Amino acid sequence: RGRLCARRFGPFLQTPVFLGTWPWVRNSYIDLNSGLWLQAGPSMNTKGRFGGSVAVGFSLFGVELQRRHVDGLGEATVLLGKLRIPLGVLAFALAHNN
């Protein structure tokens, strides 16, 4: 049996607590056999300020490093813990499980 992997490129919206809502364009890779996932991409907030991020994790948990504008602080590098629940990938995997 081969490796089950999913790649996704497209928009998504993130609303971390205290940091405000940002639309992102993300490139994601998920290896369903090992549970490893990677994400990277640029962002722009609702005021037109640019940023970006890279993230890595295992199963549901990971870390993300972001460069973004934070109101009151200006440009900042932010390290976030992530709880990632990829519902679309989960539905696909369950539908194609032989």
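Close contacts from the stretch 39-65, counting a first residue that is within 14 Å of Tyr29 (Cα to Cα) and assigned to a strand (DSSP E or B) and a second that is open to solvent by 70 Å² or more (accessible area, probe 1.4 Å) and modelled with pLDDT under 85, with Cβ to Cβ under 7 Å and a gap of 6+ residues or different chains, come to none at all. Please work out which residue is most open to solvent (accessible area, probe 1.4 Å), limiting yourself to the stretch 21-49 and to residues that are aliphatic (A, V, I, L, M) and over 15 Å from Ile85 (Cα atoms). Selected residue: Met44.
Has the stretch 48-61 got any residue that is at pLDDT below 80 and in contact with a strand residue (DSSP E or B) (Cβ under 7 Å, 6 or more places away or on another chain)? No.
Cβ separations smaller than 6 Å between residues 6+ apart or across chains give the following pairs from the stretch 84-98 residues that are among the aliphatic types (A, V, I, L, M) and assigned to a helix (DSSP H, G or I) to residues that are surrounded by 10 or more Cβ atoms within 10 Å (Cβ to Cβ) and modelled with pLDDT of 75 or more: Val89/Ala6; Val89/Ile30; Ala93/Leu32.
Scan the stretch 50-82 residue by residue and report those that are more than 18 Å from the chain's Cα centre (by Cα) and either closer than 13 Å to Gln14 by Cα or open to solvent by 90 Å² or more (accessible area, probe 1.4 Å) (or both). Of everything in the stretch 50-82, those that are more than 18 Å from the chain's Cα centre (by Cα) and either closer than 13 Å to Gln14 by Cα or open to solvent by 90 Å² or more (accessible area, probe 1.4 Å) (or both) turn out to be Asp71, Leu73, Glu75.
Checking each residue in the stretch 24-59 for being closer than 25 Å to Leu94 by Cβ and in contact with a Pro (Cβ under 9 Å, 6 or more places away or on another chain) picks out Arg26, Ser28, Ile30, Trp37.
The values are calculated or read from the model by the stated rules, or taken from the named source; none is laboratory data. Computed from a predicted structure; not experimentally measured. Virtual Cβ from ideal backbone geometry, glycine too; neighbours counted across all protein chains shown. Note: accessible area is taken over every heavy atom of the protein model, side chains too, but ligands, DNA and RNA are not part of it. Shrake-Rupley method; radii C 1.70, N 1.55, O 1.52, S 1.80 Å.
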